[in-house]
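Accompanying notes for the structure given below.
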Amino acid sequence: MLAQDSATRALEQWCAVRRIAEPPVVRAQKRPVDHEADQKAPDRLRRRLGVGPEEAIRLRHVHLTCGAATLSIAWNWYVPARLTVAMNEALDGSHVPFGKVVAPLRFSREALPAVRGAADGYPPGTVITHRARLVLPDRRPLAFVIECYTAANLAK
């Protein structure tokens with residue numbers, strides 16, 4: 001994961017090497033979120049994303065799958081104003097992972113310390129929890145992600 005800016009790209013490479021599915025395509029299976037709660041994001045999250053109290057933040061909660069395997073359960077808070085209209089529509093209406101949708105923005109990943117197992121309040125059965133901030137080339141934050149990787153990554 002640390003070798004790639006995109007978790008999706010890293011997972012697809014992992015799927016190919018481990019032969020988890022053929023073709024090794026990662027899909028984002030969206031989970032329901034409360035978009036009103038997005039706007040009540042804690043100040044700490046708003047600081048990480050470089051937005052004020054009035055700016056919109058969106059949450060995309062997904063299970064990243066490859067074939068039948070759920071490889072990651074992820075929460076992605078992002079600043080929709082920093083995306084194109086087409087990108088926001090794709091995130092709202094498709095199963096395409098965030099990293100693929102926003103790849104044209106050429107973001108980079110700032111990894112935060114990982115936690116072995118499940119971090120507090122995250123799914124049991126998590127093998128490792130990654131947190132990261134995704135930033136644009138001009139250094140403005142684009143997203144903050146929490147990714148809980150499952151034991152399915154170790155199968156085969």
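The values are calculated or read from the model by the stated rules, or taken from the named source; none is laboratory data. Bear in mind that the values here come from a model prediction, so they are computed numbers and not experimental data. Positions of Cβ are generated from backbone atoms using ideal geometry, with glycine treated the same way; all protein chains shown enter the neighbour counts.
Of all residues in segment 19-48, count the ones that are modelled with pLDDT of 85 or more and either part of a helix (DSSP H, G or I) or not hydrophobic (A, V, I, L, M, F, W, C) (or both).
Counting residues in segment 19-48 that are modelled with pLDDT of 85 or more and either part of a helix (DSSP H, G or I) or not hydrophobic (A, V, I, L, M, F, W, C) (or both) gives 16.
So, in segment 49-90, how many residues would count as being assigned to a loop (DSSP other than H, G, I, E, B) and more than 19 Å from ALA132 (Cβ to Cβ)?
The total comes to 8.
Examine segment 99-118 for a residue that is touching a Phe, Trp or Tyr at 6+ places or on another chain (Cβ under 7 Å), of a type outside the set (D, E, K, R) and touching a residue at least 12 places away in the same chain (Cβ under 8 Å), and state whether such a residue exists.
no
Working carefully through the options ARG31, ARG44, ARG48, find the one that is under 17 Å from TYR149 (Cα atoms) and of a type in the set (Lys, Arg).
ARG31 is the lone residue from the list that is under 17 Å from TYR149 (Cα atoms) and of a type in the set (Lys, Arg).
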